[in-house]
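Step one of this worksheet: look at the structure below.
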């Protein structure tokens, strides 16, 4: 079997999510998350399930637990992913515009030739 | 404070919680922060490795009596890599590279053969750092129970008591 499942307990510290522990058992990871939650005060805590398929070199992640504070701070909790997505979208739009301009310039050059 | 069995029945969570308490705001806690007398009978199922000379030359600094491999009268100072296959110490250190590389506690469970009998166990490896960042030591703990061959398919689970 080439598929491995891990559960990462993560805590938000500033703008970053720090991994606090890695478990191969969901129940244990959830219990650990609650212990961490009791220690870190107001900081959001999540448990992320990571399924890695070595044969396909494919990693799939999803959250299986979010502390109450994570839900309250939903925008902050998802911030770490959104800027990347936004930057990627901006880059994609810029690349598309550049390709369109080059193609248009090529067409104009051919028409004038 | 280290939690008692009444406060937390799961051995690996008692260790995880204590590590987390001592680490506070640092990346990793120091070995000197730990008071092993607080561990009670859990100390017998724990070991500490010295990694200051690197992972390949990790040596045993402290080892609980349940973990001492057969024939190892003096375990302290010996290379962790010399731990004989089939020993509890060997099973405990299976995931040592991952804990050191990622600098986070790693807990794994599963089946293994101990003294010729099938067992289910759960380990936890907790990285420590003298400077708060670079891993200098690792605290490990393992608990297990022997199982009947027919019951091997039952998952190791998160509970159980140290044998």
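The values are calculated or read from the model by the stated rules, or taken from the named source; none is laboratory data. Here the structure is a predicted model, which is why all the values come from computation and not from measurement. Reconstructed Cβ throughout: ideal geometry from the backbone, glycine too, with neighbour counts over all protein chains shown.
What the table shows:
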{"read-out": "Candidates B:8, B:25, filtered to the one that is in a loop (DSSP other than H, G, I, E, B), surrounded by fewer than 18 Cβ atoms within 10 Å (Cβ to Cβ) and modelled with pLDDT under 95", "value": "B:25"}
{"read-out": "Filter result (free of Cβ contacts under 8 Å to residues at least 60 places away in the same chain and under 16 Å from the mean Cα position of the chain (by Cα)) within segment B:117-131", "value": "B:120, B:121, B:125"}
{"read-out": "Considering residues of segment B:82-92 that are closer than 22 Å to residue B:147 by Cβ and surrounded by fewer than 14 Cβ atoms within 10 Å (Cβ to Cβ) only, the residue farthest from the other protein chains (Cβ to nearest Cβ)", "value": "B:84"}
{"read-out": "Residue list for segment B:42-66, filter: part of a helix (DSSP H, G or I) and in contact (Cβ under 8 Å) with a residue 24 or more places away in the chain", "value": "B:42, B:44, B:45"}
{"read-out": "Among the candidates B:90, B:39, residue that is over 27 Å from residue B:1 (Cα atoms) and part of a helix (DSSP H, G or I)", "value": "B:90"}
{"read-out": "Some residue of segment B:71-81 being within 13 Å of the chain's Cα centre (by Cα) and either exposed (fewer than 15 other Cβ atoms within 10 Å of the Cβ) or more than 23 Å from residue A:8 (Cα to Cα) (or both)", "value": "yes"}
{"read-out": "Among the candidates B:29, B:105, B:84, residue that is more than 13 Å from the chain's Cα centre (by Cα) and in contact (Cβ under 8 Å) with a residue 60 or more places away in the chain", "value": "B:29"}
{"read-out": "Count of residues meeting criterion [in contact (Cβ under 8 Å) with a residue 40 or more places away in the chain and farther than 16 Å from residue B:80 by Cα] in segment B:136-148", "value": "2"}
{"read-out": "Only listed residue being more than 22 Å from residue B:121 (Cα to Cα), outside any loop (DSSP other than H, G, I, E, B), at pLDDT 90 or above and within 12 Å of chain B (Cβ to nearest Cβ), chosen from A:10, A:62, A:39, A:43", "value": "A:10"}
{"read-out": "Count of residues meeting criterion [in contact with a strand residue (DSSP E or B) (Cβ under 6 Å, 6 or more places away or on another chain), closer than 14 Å to residue A:67 by Cβ and more than 7 Å from chain B (Cβ to nearest Cβ)] in segment A:19-36", "value": "3"}
{"read-out": "Residue check for residue B:71: in a loop (DSSP other than H, G, I, E, B), within 24 Å of residue B:118 (Cβ to Cβ) and free of Cβ contacts under 8 Å to residues at least 40 places away in the same chain", "value": "yes"}
{"read-out": "Selected residue (criterion: farthest from residue B:110 (Cα to Cα)) from residues of segment B:53-70 that are exposed (fewer than 15 other Cβ atoms within 10 Å of the Cβ) and in contact with a strand residue (DSSP E or B) (Cβ under 8 Å, 6 or more places away or on another chain)", "value": "B:53"}
